[in-house]
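For reference, the structure discussed in these notes is given below.
The values are calculated or read from the model by the stated rules, or taken from the named source; none is laboratory data. For clarity, every value in this text was computed on a predicted model and none was experimentally measured. Note that we place each Cβ from the backbone using ideal geometry, even for glycine, and neighbour counts take in every protein chain shown. What goes into the accessible areas is simple: the full protein's heavy atoms, side chains included, and nothing from ligands, DNA or RNA. Shrake-Rupley method; radii C 1.70, N 1.55, O 1.52, S 1.80 Å.
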Amino acid sequence: MNATTLTISSRNYSSWSLRGWLVCRMAGLDFSTEVLSGTDSTSRAELLHLSPSFLVPRLRHGDVVVWDTFAIAAYLSETFPEAGLLPRDRAERAHCYSIAGEMHSGFVNLRSALPMNLKAFHPGFRLFNGAKADIERIITIFDDCLDRYEGPYLFGSQPCLADAMFAPVCTRFRTYDVKLPPAAAAYRDTILHWPLMVEWAEEAAQEPEEIEELDMEF
Ligand SMILES: N[C@@H](CCC(=O)N[C@@H](CS)C(=O)NCC(=O)O)C(=O)O
């Protein structure tokens, strides 16, 4: 087994697994992916043993163990500084940390009302006001970045940590048929066609059918 292992849960439902996997791939890490479903007691016991937070993603890189998406990204950007996980410019990096941090700690209404589910499509989905406020803020973030750094990714021509953090949101915009202004819609499509996202979505499509308890933010 590869000494470098990323532990994740569902590819279809787990937005944090997706973010963790994206940053590992963007860093150029050679790793194997271990999927723990989290729905049966054996998997949960295994997860508790592997990840002190009881949450995925969790990365083992040789003798280093790191969990929580932001910590994994920080560790990878420190270990592979040339991989471009963060913008080179200090002010841009501060901006990237700020919006990635907003995603990591916020948008609770969006996350609970519009859970990631790559296989689903809900045309005309009715949004409640709390989720609308989150979506408006995310559109402002996208517009601001695309305007300042000229796209097609949030900080210019290459994807960085911020794109990994917002990638699951772009899948939710498609799943729940969220109407977006043109620049944000173009960015959503850039993310959905990002080769790493296409690869992840293809593997998610192979997962066993929907598990009801998982159809919630997670
Ligand atoms: N803040 C954490 C959130 C991680 C998280 O909530 N992970 C979910 C899956 S998306 C999880 O492990 N849930 C527990 C379980 O599946 O048993 C991070 O950034 O990694």
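Filtering 37, 51 for residues that are at pLDDT below 95 and either out of contact with any strand residue (DSSP E or B) (no Cβ under 7 Å at 6 or more places or on another chain) or charged (D, E, K, R) (or both) leaves a single hit, 37. Looking at segment 52-72, which of its residues are over 17 Å from residue 18 (Cα atoms) and in contact (Cβ under 8 Å) with a residue 24 or more places away in the chain? Within segment 52-72, 61, 62 meet the criteria. Looking only at residues in segment 1-26 that are away from the ligand (no atom under 11 Å from the Cβ) and among the β-branched types (Val, Ile, Thr), the one that is surrounded by the most Cβ atoms within 10 Å (Cβ to Cβ) is 5. When 46, 78 are checked against the criterion of being without any contact (Cβ under 8 Å) to a residue 24 or more places away in the chain, out of contact with any helix residue (DSSP H, G or I) (no Cβ under 9 Å at 6 or more places or on another chain) and under 20 Å from residue 165 (Cα atoms), a single residue qualifies: 78. Just so you know, in segment 67-111 the residues that are within 22 Å of residue 173 (Cβ to Cβ) and loosely packed, with under 14 Cβ neighbours inside 10 Å include one that is farthest from the ligand (Cβ to nearest atom), and it is 98. Against the conditions (1) over 16 Å from the mean Cα position of the chain (by Cα); (2) open to solvent by 30 Å² or more (accessible area, probe 1.4 Å); (3) under 22 Å from residue 191 (Cα atoms); (4) hydrophobic (A, V, I, L, M, F, W, C), residue 29 satisfies every one except (2).
Does residue 46 satisfy the condition of being charged (D, E, K, R), at pLDDT 95 or above, more than 8 Å from the ligand (Cβ to nearest atom) and open to solvent by 50 Å² or more (accessible area, probe 1.4 Å)? No, not satisfied. Looking across 110, 76, 85, one residue alone is within 18 Å of the chain's Cα centre (by Cα) and assigned to a loop (DSSP other than H, G, I, E, B). It is 85.
Name the single residue, out of those in segment 143-171 being of a type in the set (S, T, N, Q) and either crowded, with 19+ Cβ neighbours inside 10 Å or in contact (Cβ under 8 Å) with a residue 60 or more places away in the chain (or both), that is nearest to residue 93 (Cα to Cα). Spell out the reasoning first.
Filtering segment 143-171 for residues of a type in the set (S, T, N, Q) gives 157-158, 171.
Checking which are either crowded, with 19+ Cβ neighbours inside 10 Å or in contact (Cβ under 8 Å) with a residue 60 or more places away in the chain (or both) leaves us with 158, 171.
Working: 158: 14, 171: 25 Å.
Ranking the candidates gives 158 first.
Condition (residue is within 16 Å of the ligand (Cβ to nearest atom), farther than 30 Å from residue 140 by Cα and among the acidic types (Asp, Glu)) applied to segment 29-38: is it met by at least one residue? Yes - at least one qualifying residue is present in segment 29-38.
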